[in-house]
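What follows is a set of notes on a single structure, which appears directly below.
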Amino acid sequence: MRDLIDDVAGKSQLEPEEAVRRTSRAALPKRFYKSAEVTETADGFAVTLDGRPIKTPSRNALAAPTRELADVIAAEWQAQGEQIDPMTMPMTRLAHSVLDGVVGRIDEVATDVAKYFGSDLLFYRAGHPEGLVAMEAQHWDPVLYWAANEFGAHFILAEGIMHVAQPEPAIAAARAAMPQDAWSVGAFHVVTTITGSALLALALAKGERDADQVWAAAHVDEDWNSEQWGLDEEAAARRAARLIEFKAAAQVLAALRGS
């Protein structure tokens, strides 16, 4: 699925490994400020550099809905050395995506990511080996039971990778349970596209599963293969880059839970 956020925010949510490659090819800007700070405004908490507001790529003010999130963004800017490296600033990049790509089009982005409820990772199960089948059930079944009991979202499971059409009432019920504010929708989008599961993103957003549990559940098959065949270094590097983006999005969902 093409990321709607990418289209508007100038690819600020690229696949992390591709973003690393692009950044490495471009000269990094030099640091031009002494300190990054947070200022409360009528619209939230703005991040400033030496008292001056920061703008996103689309010229929106860089601000967050809570001081906690704004402090994280400011800390990323403060931690920069002689050069400014965007790849060390995951919360700032997420803020750009939200402010430039989600604000003003929340329903469109939410509808886009809700498509995952029709083809979620958790629906497609291995038939063998027995150990992998058990691991998938251990990590995935509780989330499916929770969605059914909490929201009346009853989904159909399948063995293998052949697509199975999901009941529209189940998709609608899960879609209705999604967060409604721009920052949470943006973070939800990031978690879903990284994990391949809108249900895991929903469980994280609602506090049913914590970030470590969701990350583990999203990588059951990958971890099983690594245990059997060994660790692939390139795959490990890509996973580490995705984890940075995932943690930033998870932090947003935790900070705004219930909003």
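The values are calculated or read from the model by the stated rules, or taken from the named source; none is laboratory data. Just so it is clear, the model here is predicted, and its values are computed rather than measured. Positions of Cβ are generated from backbone atoms using ideal geometry, with glycine treated the same way; all protein chains shown enter the neighbour counts. Each accessible area value is taken on the protein alone, full model and side chains, heavy atoms only, with ligands, DNA and RNA left out. Shrake-Rupley method; radii C 1.70, N 1.55, O 1.52, S 1.80 Å.
Here are the numbers for this structure:
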quantity: Close pairs (9 angstrom Cβ cut-off, 6 or more residues apart or separate chains): at positive phi in region 138-163, among the hydroxyl-bearing types (Ser, Thr, Tyr) and at pLDDT 95 or above anywhere; calculated: 160/124
quantity: Residue in region 99-116 that is closer than 19 Å to residue 169 by Cβ and aromatic (Phe, Trp, Tyr) present; calculated: yes
quantity: Hits in region 102-113 - residues which are assigned to a loop (DSSP other than H, G, I, E, B) and either in contact with a Phe, Trp or Tyr (Cβ under 8 Å, 6 or more places away or on another chain) or surrounded by 14 or more Cβ atoms within 10 Å (Cβ to Cβ) (or both); calculated: 102, 103, 105
quantity: Members of region 221-241 that are open to solvent by less than 40 Å² (accessible area, probe 1.4 Å) and under 14 Å from the mean Cα position of the chain (by Cα); calculated: 241
quantity: Residue identified as buried (at least 19 other Cβ atoms within 10 Å of the Cβ) and out of contact with any Asp or Glu (no Cβ under 9 Å at 6 or more places or on another chain) among 156, 161, 171, 194; calculated: 171
quantity: Residue in region 231-248 that is at pLDDT 95 or above, closer than 24 Å to residue 124 by Cβ, touching a Ser or Thr at 6+ places or on another chain (Cβ under 6 Å) and not basic (Lys, Arg) present; calculated: no
quantity: Residue match in region 6-27 (condition: over 17 Å from residue 77 (Cβ atoms), at pLDDT 80 or above and open to solvent by 70 Å² or more (accessible area, probe 1.4 Å)); calculated: yes
quantity: Residue match in region 114-128 (condition: farther than 24 Å from residue 254 by Cα, touching a strand residue (DSSP E or B) at 6+ places or on another chain (Cβ under 8 Å), small (Gly, Ala, Ser) and not in a strand (DSSP E or B)); calculated: yes
quantity: Pairs with Cβ under 8 Å, 6+ apart, first in region 119-137 and farther than 19 Å from residue 226 by Cα, second charged (D, E, K, R); calculated: 124/159
quantity: Scan of region 76-101 for residues that are more than 20 Å from the chain's Cα centre (by Cα) and open to solvent by 50 Å² or more (accessible area, probe 1.4 Å), ordered by number; calculated: 78, 79, 82, 83
